[in-house]
Structures are given as structure tokens and as C-alpha cells.
1. Tell me, which helices (runs of 4 or more DSSP H) lie completely within the range 411-499 with 2 or more residues that are within 29 Å of residue 525 (Cβ to Cβ) and not assigned by TED's automatic domain parsing to the domain that holds residue 562?
2. Has the range 370-389 got any residue that is over 39 Å from the mean Cα position of the chain (by Cα) and either surrounded by fewer than 16 Cβ atoms within 10 Å (Cβ to Cβ) or not in a loop (DSSP other than H, G, I, E, B) (or both)?
3. Quick one: which of 204, 252 is within 34 Å of the chain's Cα centre (by Cα), part of a helix (DSSP H, G or I) and modelled with pLDDT of 95 or more?
4. Would you check if there is a residue in the range 283-295 being within 39 Å of the chain's Cα centre (by Cα), of a type in the set (Asp, Glu) and more than 25 Å from residue 324 (Cβ to Cβ)?
5. In the list 910, 966, which residue meets the criterion of being touching a residue at least 40 places away in the same chain (Cβ under 8 Å), within 23 Å of residue 752 (Cα to Cα), touching a Lys or Arg at 6+ places or on another chain (Cβ under 6 Å) and of a type outside the set (A, V, I, L, M)?
6. Residue 335 is checked against (1) of a type outside the set (Phe, Trp, Tyr); (2) under 38 Å from the mean Cα position of the chain (by Cα); (3) assigned to a loop (DSSP other than H, G, I, E, B) and fails just one. What number does that condition carry?
7. Pick from 762, 750, 800: which is outside any strand (DSSP E or B) and either in the same structural domain as residue 643 (by TED's automatic domain parsing) or closer than 30 Å to residue 939 by Cα (or both)?
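The values are calculated or read from the model by the stated rules, or taken from the named source; none is laboratory data. Everything quoted here is computed from the prediction, not taken from an experiment. Neighbour counts run over all protein chains shown; Cβ positions are idealised from the backbone, glycine included.
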Amino acid sequence: MGLRRGKRAVALAVAVVAGSLGAPPAAVAAPPAPGTTATPTHDTAGADLSVWPRPQSLRANGAPVAVTDEVALLADPSADPHSVEALRALLRQAGARRVTDSAGPGALVVRAGTDPARRNDRHALPSGGYELSVGRGGVSLNGTGEDGLFHAVQTLRQLLRPDGTIAAAVVRDWPGTAVRGITEGFYGTAWTHRQRLAQVGFMGRTKQNRYLYAPGDDLYRQARWREPYPARQRAEFRELAERARGNHVKLGWAVAPGQAMCFASDADVRALTRKLDAMWALGFRAFQLQFQDVSYSEWHCDADAERFGSGPRAAARAQSRVANAVARHLAARHPGAAGLSLMPTEYYEDGTTDYRRALASELDKAVEVAWTGVGVVPRTITGGELADAREALGHPLVTMDNYPVNDYDPGRIFLGPYQGREPAVATGSAALLANAMQQPEASRIPLFTAADYAWNPRSYSPRESWRAAIADLAGGDRRREQALAALAGNDASSVLDAEESAYLRPLTEAYWRDRTSGGDAARRLREAFTVLRELPRRLSDTALASEVAPWSEQLAGYGEAGTAALDMLDAQHAGDTAAAWTAYRRLGALRAGLESARVEVGTDVLDPFLQRAQKAYASWAGIDHEPPRNPGDPSDDRTLHFPRPRPLTAVTVLTDPGTGGTVEAHVPGQGWRPIGRLSGSGATEVRVRGRDADGAADSGAGEARTPGRHERDSGSPVDAVRVVGPAPSRVRHLVPWFTDSPATSLELERDEVDAETGRALRLTAGLGSLRPADARGRLTVEAPEGVRVRVPKGELTVKRGSAVEVPVEVTVERGTPIRSYDIRLGFAGATRTLTVRAFPPTGGPDLARTGTARSSADETPDFPASAANDGDPDTRWSSPVDDGAWWQVELPRPARLGQVALRWQDAHPSAYRVQVSADGRRWRTAAAVRDSRGGRESLRMDERDVRFVRVQGEKRATRFGYSLWSAEAYAITE
């Protein structure tokens, strides 16, 4: 289909679908060989037997077979000539100098044959299946039906080894879906003729057998459908059809006549069948009528209103009339045509409607009906949804999946694997077509995986198939494969799966985790950024380069920015203020350029990494606590006045490189004093010392310790600092550091925690340095009797401007009174208090699971109170819009209740109470929550004789009612 560009939000609800086509009956379930089961046998011989699409049965068969100079190709007279010629070319590629039709001494013998499909033989392979054997006896290929031998040749091609031998294997294989292919159905610039020819070759290699021509902007199949295509395009269609025949791909053509047709007119129907005849003459062998844009009430002739009336049923009757006439014409005039399919107006809805009932009743049973799943671009499609749609529409379904099409979001390319579709969708569909992107080469990554799924849905592995697709497109070039993996990895998110940059996320997380302790993480992340930087160059000599240029260039920019960020962080670690400032400025400029791009890549990982790096520098250089300009000061003044005199420890000045000037401090009653000169690097750091023993201040110009770093005497506390000399606009940041401010920070992930007695509770403490120096010290603990706290031993070092997380383990010993305890932690002058609420241990079965649920009211019968304790994670209770709504459960027997675990949907309370009762009439509050954020929440208590548990809402966090996925209750075990 094509989704109209520029209307992304609307597109996902009402976008136009363009294309799929009729198909022969879906493939039967995997047929076993006589005396065997239907369970697929996976690759058992390593990389030499890597075949895609993944065969149903594949096993090793001994040592590789050498391709001799002379090869005897013994083909049955009935063997498909295209397949035999492809096999002959393959043998020459493998090293055969002569391919003969008789076996000479020492020649490798290759036998090729074809069997007719036998539909009534449950042991026989379905059409398109094949058997392939490579071993000591030579090579044998035997296909079933028109396509089987060709598929066997495609598998043999993948068994060729670089040394000129063929991996020995035995394969028994067949398609899980009878009709598998792609749709060119997007809006925007259609593919060129050359691109279509190449795509057909790709389809042949990946065992796809259907190509639907349905560009969204082709008027000759829409408003101007009566008119013939121009002569040049007709010639191109003929060449495309010939290429398709050679690759065992059937061409389909979709027409959308509804906006320019009188449905009641026999003349218009005849005009439509004449156009289909003309397309047949050009080589198209399958057809689809598309009515997704047809109005239920607006007709294009008075006869339609008179004959059909108006409304959904009228539209269905009109469309059925035309489709039935076309189906009869095709059956009579072109007996070899695939069955006609129809794209209905309601192609993505769920359930039965007036329109669907009328269509099911009026449409000829031989006509197939297309759908996209439940939704235009559904995240998942299940076998149950397929069955429901098939029942509602009353016809075999052609599944037209709108992935990876991107016309509704042209700033994205969707290169992630095909996923979220149950195997039953493939095996239960009459045809399965994936709608391609405007970028044909890039589309091959997801289309390769869709072909793999359609061929063998039960053994399909999205990630493995995706890696194989990338390797296939790279064509054996290792550097290109790395580039493609980076391109696809950072353009993988879609409606099907929101995960982006899955390969890069663990690298960035490892970097931040290990940054201060060294390790290999920095090297690996730098290598990943290098691949991004080199993306355009690595792809430069490929057909892919131009079509993905906006995205590869954007990723190259991220690679440059990521490298600059690492350079900056390395310079910080080394204490090189000049290099760190230079890299920070470069990073800012690069990131600003990235923000103006019109395409989107790696949003979940790449930009957040750059943001975090910039924040790390801001903390390191003090920018994050730089005082604001003083109210009333001139805009061009670079003077900072302090509310009160304070002792300085350092001053950081960041300027444009090459800026000259002096840093001065103002001592009350004594005036301005120079404390350092600006560094030409742009990064100046003046360290301030105390007075000499006799109280005299040093009046010399500061001594440089490293480029841009000086030490000077501050003497008394100062009430202002300034930069004298340069134009104020060249001074970017002026940061004073004070001796009387905290040198370190100590943060806890939570200030209050619940702990079961006798069980260790693990949390983390964050240590930070708040001065322009490393922080060192021990993490100290003061805990009351009965509470054990374990923290790292020995001195800890926190690098300047950074923070580290250290483990803290708290155990409230058994027998300790049940109450709250305060634990005091300290690090290098910073302190924090952790309050631990001790509770008895809980466990055993979920008491609510077997209880009886009730509520103040249910939003609808679809969301009853019982859904919150039925054990199904996908069902929920929802209340009406009422702050005081409640949900409760009656437990099977009284219990000493210790824990209630809740899982809220997005519609959750901001404040609520958990109440308990012995009789359901007199309630007491066991726990109260005043700042709920929804999600999973666990509440502790020690309540005896509890038979009823109620979750009492007090205030809603959203405009909706309350929505509770699950509620669990656990008893105290001691």
C-alpha cells in the first residue's frame, strides 16, 4: 500500500492501501516424507550450510564435493528451461569449464528433474517444493511443480564454497506460504525500470514468486485507468515480464477505478476488462481491484444511486458486481491467470460490519479479499485475527502487510526485520505480500526477512534472518557489511518494534559504566563511531548509496560527533582543559548541525549519548552551576557579583580560542586584583591559593601548571570576579569555584526503602566530585543495632566532574523489632540518611489469585473487576471516570497480610490507599500512596486477620478512570 506523505497521524488511521493480488490456494502444512514427521530439521553443520530462506529440512552429508572441469548436467526433458539455464550458469561459476549432457570419466554428475504437483498425496511436496542432495554420488535436484527446480537451484547456489567445492547436504524443502512477494505500492517517486529489473532478480534469489505493480501516484491505474500506458512504458513492462518469468516471479497489476467509474455501467465494466486484457498482453498474470478510496454515499453516475442506493451495503454490492464480472472475464479469456483479488473499502477494520457482511454475501467465492491486519500498520498480526477476518469477510485472505513502506513518514527508513506476525498468518493466507519502501535497495533488508518468514514461518528467527539479509546485500565485502549493519541497526525501529540502535546501546552503557575505571568499552565504542563516520564512503560504489544518502550522511555526522565526544571525555580524564574545551565546542557545532536534519536516525541512543557527554563536560568545567548574569549589569559586561564575599578555590574561563585578557577578583575594601591570564587555547583555569604565613599576597602573574591553568593568591574572600581585555562576546563562560561549597555529593536512589527481615536489600549510592579536582575518601556507615550494612572497603576515587555508583547492601536481622531505622552514610564530607522500614518476610502463593473480585463500577463489561486477579497479564480492570473508584478482592480465608503488589496501566491514580477488613464492612488503612507514578508498585504492611483487601482511589493522575492490570496479595511467612 501507499500511505499519503505529509499526514502521518492521519495516515495510520485512514491511509490508502495499494496492492496485492490473487493467489492459488495457500500451501498445505509442511508435508512429511513417508515414515517421517513434519518437524523441520534445522542447520546442523555450521556456516557451510547457511541457506536462506531457511529450509524446512537441511542436514550435512559428508565431505564437500569438488566441481570438476567437466560436469555432466542430466536434465529431464520436462525440466523448466529457465531453471536448467540458471543451473548451467551456476556450475560454470563454480569452476566447470565444460557442461555437457552426457557423463564422461571423472565428471561430476548433476541430475535435474521436475515432478508434477500432486495435491491429493499427503506425502508429496507441494508446488514449489524440492529435494536436493549433494554427496559422493554427485548432485541431484528434483523440483515439484513449475517453481520447485528453480528453488533447488537457488539453494545449491548458497552451498557453493569459495574453494570451488559444494557443501555436501541433503535438503527437503517447500514453501510455507504458496504466494510470497512484494508490493510496489507507495506514494512518491516510483521505482525506475532498472530498479524493478534488479528487484525481480532479488526476488528470484530469495524464492519469492509475486510482484505487484501498484505505485500510489500512477494515474494509468487510477484516474486515467481507461487510457493505455505510453509506448515506452509498455516496452518496459514487457522486458520486466520476461525477467520475471526467468526468475519464476509472477507479475501482478492493481487497478483502482472507483474514483472514475460508473459501477452500474456495462460499458465501464467492458472498458475495465479491456484494460486488463491489455495488461495481460504486456505480461501481467495476476490482478487486483482496489476500492479503498470509494465513498459509501458519493457516486459518479446517477445509475449507481438508482441501482445500489447508498451506504456501506450499497458500496459492497457495487464493488461485488464489478469484481464478479471481472473474475468471470479472466476465467474465460485467460484461464492461466491467478485468482482475482479485491482490496475492500474496509481493509483494516476488526470484526463484522454491514459492509463486510454484504461483501461476503455478494462477492464471488473465487475472488480473494485483501487486508492489512487489524490496523493500517499493525504492530502484530495473530492467527486469531486472521481467522476472525476470514470469517467476517467470507473469503480467502491476501495479507498485504504495510511493512517496510515509509511514505507516511518519509524522514525514516525502516530497516529492521519483519516480525510480530504469528506463523499462522503465513500458512493461513492465500498470499503474503510486504509493501516496499521508495528505496528499493534498502528495502531488500526487511524484504529478505519477510521472504524468509513466508517460506518457513515456524522456524523463522527475525534477528538471524536480519543478519543474513545484511550479509546478502553486502555481497561478501566485510567493510560494507559493517556499514550496512550500522545503517540498519540505527534505522531499525518501526511500528513493529520500537527498539533502535540495539547493537550500540550496550556499547554506550558499558562506556559510561567503565569510563572511570578503564577497560575495553571506550575502544569498542570508538570503533563503532568510526564505522558510522565512514558510512558514505563504504557504501559509495553501490546502488544503495544514493537512495540512503540522507540517512548515511546523518549517521556519519553522528559518528563525527560521537568521536568528538569521546575525545572530549578522554581529555577530561587526562586533565587537559584545552583539548576538552576544543572538543566540546566541536561537539556542540556538530550536534547543532544534526538537529537541523530532515531525516531521523538512531534517536533512542545516539543523541542521548551526545547529550550525556555534553552534560558530563558541563559538570567537569562547572558550566552546570555557572551563576547567571547579575540583574542590571550591562549586556556586554563579563563581571560576576556575588551576594556575599566568599573564598575562592578556582575560576574557570572559557573563551573563543586566541582570546587574550586577564582574570581579576574583587576583594572588599581592597579593589580588583589580577589572578591569572587567559590562555590562547580558550580554556583557562586559575587555581587560587591562600595567603602566605605573613599575610602578604603574591602579586605576580599566575604560574602556568598546564596550558590554560594558573595558580594565584586570593587572599581574603571576594565578592566579584571579571575578565578584563577581550570583547565580552568572546567570553563564553565564567565559572567561580568556592572553598565553602561542598566538595562532594552523595545521592541515594531512594531515601526510604522497605526491607524484609533476614533478607538482603541491594541499592546503589551515587558519589560525585563538585570541585575542579578528583574526590577521594571512604564510604562510611553509621547503622543502628540489628541492621547490617555492607559497602565497598578502602578508599574510593571519583574523577573530577563525574559520578560513580557503588553498591550498598542492607540487611535487617531476624528478630529485630518491626519499625523504621535510620542509616547515615558519608563520603568525603557529604552525608545522606537512608530510612529503612522493616517488615516481616512474605511469600507463598498469590492469595488474590483465588479470591473473588469486586469494584465500585466497571468502565465496560470488557474490563471487569475479575480481570485484575485472573492471572492473565493482558487483561485489566478499568473504572469509570471517578476519583473515588475502588477495586477489592475477598481472599479465600483470613491471612496475615504482608504485601500487595499492583501493576497499573497508564490510567492510574496519583493518590490511593490500600485498605483491609476482616468482614468487608469495617475498613482500616494498611498503606497510603500520595505520589504514585503508576507502573509496578509494591506496598508493605503487617495486618492480621485480613479477609478483604481494597484499593481505594483518591485522585486520578489522568483524565481517565483507573486501569489495573493486576493485583497480588502475599502473606507473611514467619
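1. On the way: elements: 423-428, 440-455, 462-474, 478-489.
In the range 411-499, 440-455, 462-474, 478-489 are the helices (runs of 4 or more DSSP H) which contain 2 or more residues that are within 29 Å of residue 525 (Cβ to Cβ) and not assigned by TED's automatic domain parsing to the domain that holds residue 562.
2. From the range 370-389, those over 39 Å from the mean Cα position of the chain (by Cα) are none; that's our starting set.
No, there is no match, as no residue in the range 370-389 is over 39 Å from the mean Cα position of the chain (by Cα) and either surrounded by fewer than 16 Cβ atoms within 10 Å (Cβ to Cβ) or not in a loop (DSSP other than H, G, I, E, B) (or both).
3. Values: 252 fails: part of a helix (DSSP H, G or I).
Result of the check over 204, 252: 204.
4. Initially, the range 283-295 is screened for residues within 39 Å of the chain's Cα centre (by Cα), giving 283-295.
Narrowing the set further to residues that are of a type in the set (Asp, Glu) leaves 293.
After this cut, where a residue has to be more than 25 Å from residue 324 (Cβ to Cβ) as well, the list is none.
No: the range 283-295 contains no residue that is within 39 Å of the chain's Cα centre (by Cα), of a type in the set (Asp, Glu) and more than 25 Å from residue 324 (Cβ to Cβ).
5. Details: 966 fails: within 23 Å of residue 752 (Cα to Cα).
Residue meeting the stated conditions: 910.
6. Failing condition for residue 335: (2).
7. Working: 762 fails: outside any strand (DSSP E or B); 800 fails: either in the same structural domain as residue 643 (by TED's automatic domain parsing) or closer than 30 Å to residue 939 by Cα (or both).
750 is the lone residue from the list that is outside any strand (DSSP E or B) and either in the same structural domain as residue 643 (by TED's automatic domain parsing) or closer than 30 Å to residue 939 by Cα (or both).
Okay, residues lined up against (1) in contact (Cβ under 8 Å) with a residue 12 or more places away in the chain; (2) over 19 Å from residue 364 (Cβ atoms); (3) in contact with a helix residue (DSSP H, G or I) (Cβ under 8 Å, 6 or more places away or on another chain):
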| position | (1), (2), (3) |
| --- | --- |
| 256 | yes, yes, yes |
| 266 | no, no, no |
| 269 | yes, no, yes |
| 278 | yes, yes, no |
| 299 | yes, yes, yes |
